[in-house]
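These notes concern the structure reproduced below.
Only the coordinates and a few stated rules stand behind these numbers; no lab work does. Values in this document were obtained by computation on a predicted structure and should not be read as measured data. Glycine also receives a Cβ, built like all others from the backbone with ideal geometry; neighbour counts cover every protein chain displayed.
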Ligand code: FES
């Protein structure tokens with residue numbers, strides 16, 4: 001894997017859409033920050049889920065996403081602070097509440 005690939009990320013947050021470039025060796029969160037796109041984040045190490053997003057097109061590599069169950073990763077949930085792009089991406093950021101509901105909602109009803 002080289003760092004030389006650059007992918008295009010289209011990110012929706014709070015009803016607006018941002019497009020920026022993200023290298024294969026860069027996290028989506030870092031690329032967003034570099035592009036001046038403010039996305040929610042806190043721990044930046046894959047634990048707190050503040051940066052949760054749903055990837056609607058494309059794939060990310062997120063081996064350190066401890067805060068998201070494998071089944072939910074397969075459904076598209078990603079922690080952007082530890083997500084590296086493997087293709088062009090479309091995603092919805094700001095999904096912390098949705099992720100929480102998907103992971104823990106069944107225990108609260
Ligand atoms: S900022 Fe905490 S999991 Fe990404």
Response to the item:
A chain fully extended from residue 21 to residue 4 at 0.36 nm per residue, minus the present Cα-Cα distance, gains in nm 4.9 nm
Fill in: Compactness of the range 1-70, expressed as Rg and Dmax over alpha-carbon positions, Å
12.1, 34
Worksheet item: Given Cα pairs under 8 Å that are at least 6 residues apart, what percent is the relative contact order of the range 6-107?
Response: 34 percent
Response to the item:
Here, residue 61 and residue 97, labelled 7 Å along Cα→Cβ, have an inter-label distance in nm of 3.5 nm
Practice prompt. Give me the distance in nm between label points sitting 7 Å out from Cα along the Cα-to-Cβ direction at residue 88 and residue 35, one decimal.
Written response: 1.2 nm
